[in-house]
Amino acid sequence: MSQVANDLVIAINYTLTNAAGEVLDQSDEGQPMEYLHGAENIIPGLENALTGKTAGDKVQVTIQPEDAYGEHMPEMVQQVPAEMFQGVDQVEPGMAFQSAGPDGEPMMITVSAVEGDMVTIDGNHPLAGQVLNFDVEIAGVREATDDEKQHSHVHGEGCNH
């Protein structure tokens, strides 16, 4: 039985809850999520907790923000003129857009408020600053293909490589 290690494809059934016990995300029934272990496809705290486990193992782990999506950084929240959203009929809280980050890399921003002609945007990940609780069952462990290793992710149905 293979242990979870780098360059292996791991299939997991999981439920993610916050500190209040609210379900934030979960794998679909009978459809475990697959990822390439060691390729930074999942948060570091969860990847570390699964290393060395085997198929069939169940793991419950609490992950602090620094090992998940980082601390919430107030400097990533700013107000911008609504005119920056040209082509969008109605800008509303909760909408997400891709933007260029400080170094030109793509980043997601979320609209957190709209007041008159000003829009408050937040570049933090929606789960930044939160303690996360994972309830995970390892559904499978397999060798990654050379293509998966080269591209640093699992090649599933619909992969466009």
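The values are calculated or read from the model by the stated rules, or taken from the named source; none is laboratory data. Predicted model only: the values in this text are computed from it and were never measured. Note that each Cβ is placed from the backbone with ideal geometry, even for glycine, and that neighbours are counted across all protein chains shown. Note: accessible area is taken over every heavy atom of the protein model, side chains too, but ligands, DNA and RNA are not part of it. Shrake-Rupley method; radii C 1.70, N 1.55, O 1.52, S 1.80 Å.
Among the residues of the stretch 140-148, is any assigned to a helix (DSSP H, G or I), open to solvent by less than 70 Å² (accessible area, probe 1.4 Å) and modelled with pLDDT under 95? Spell out the reasoning first.
Initial filter on the stretch 140-148 (assigned to a helix (DSSP H, G or I)): 146-148.
From what is left, the residues that are open to solvent by less than 70 Å² (accessible area, probe 1.4 Å) are 148.
Now restrict to residues that are modelled with pLDDT under 95: 148.
Yes - at least one qualifying residue is present in the stretch 140-148.
Please indicate, with yes or no, whether at least one residue in the stretch 95-102 is assigned to a loop (DSSP other than H, G, I, E, B), open to solvent by less than 70 Å² (accessible area, probe 1.4 Å) and touching a residue at least 24 places away in the same chain (Cβ under 8 Å).
The initial filter retains those residues of the stretch 95-102 that are assigned to a loop (DSSP other than H, G, I, E, B), namely 95, 101-102.
If we keep only those that are open to solvent by less than 70 Å² (accessible area, probe 1.4 Å) as well, we get 95, 101.
From what is left, the residues that are touching a residue at least 24 places away in the same chain (Cβ under 8 Å) are none.
No: the stretch 95-102 contains no residue that is assigned to a loop (DSSP other than H, G, I, E, B), open to solvent by less than 70 Å² (accessible area, probe 1.4 Å) and touching a residue at least 24 places away in the same chain (Cβ under 8 Å).
Could you look through the stretch 121-139, keep only residues that are within 18 Å of the chain's Cα centre (by Cα) and of a type in the set (Gly, Ala, Ser), and pick out the one that is surrounded by the fewest Cβ atoms within 10 Å (Cβ to Cβ)?
Taking the candidates together, the pick is Gly129.
Would you check which residues across the stretch 4-31 are of a type outside the set (A, V, I, L, M) and closer than 17 Å to Val61 by Cβ and list them? Steps first, please.
Narrowing the stretch 4-31 to residues of a type outside the set (A, V, I, L, M): 6-7, 13-15, 17-18, 21-22, 25-31.
Passing the criteria: Asn13, Tyr14, Thr15, Thr17, Asn18, Gly21, Asp25, Gln26, Ser27.
List the pairs whose first member sits in the stretch 21-37 and is of a type in the set (Asp, Glu), whose second member is open to solvent by 70 Å² or more (accessible area, probe 1.4 Å) and outside any loop (DSSP other than H, G, I, E, B), and whose Cβ atoms are under 9 Å apart, counting only residues at least 6 apart or on separate chains?
Pairs found: Glu34/Arg142.
Taking the conditions exactly as written (closer than 25 Å to Glu34 by Cβ and either at pLDDT below 95 or open to solvent by 40 Å² or more (accessible area, probe 1.4 Å) (or both)), does Met118 satisfy them or not?
On the way: closer than 25 Å to Glu34 by Cβ: no; either at pLDDT below 95 or open to solvent by 40 Å² or more (accessible area, probe 1.4 Å) (or both): yes.
Criteria not met by Met118.
Looking only at residues in the stretch 34-87 that are open to solvent by 50 Å² or more (accessible area, probe 1.4 Å) and β-branched (Val, Ile, Thr), which one is farthest from Leu132 (Cα to Cα)?
So, considering only residues that are open to solvent by 50 Å² or more (accessible area, probe 1.4 Å) and β-branched (Val, Ile, Thr), the one farthest from Leu132 (Cα to Cα) is Val77.
Name the residue, out of Glu115, Glu66, that is among the charged types (D, E, K, R) and either touching a Leu at 6+ places or on another chain (Cβ under 8 Å) or over 30 Å from Ala139 (Cβ atoms) (or both). Spell out the reasoning first.
Working: Glu66 fails: either touching a Leu at 6+ places or on another chain (Cβ under 8 Å) or over 30 Å from Ala139 (Cβ atoms) (or both).
Matching residue, one of Glu115, Glu66: Glu115.
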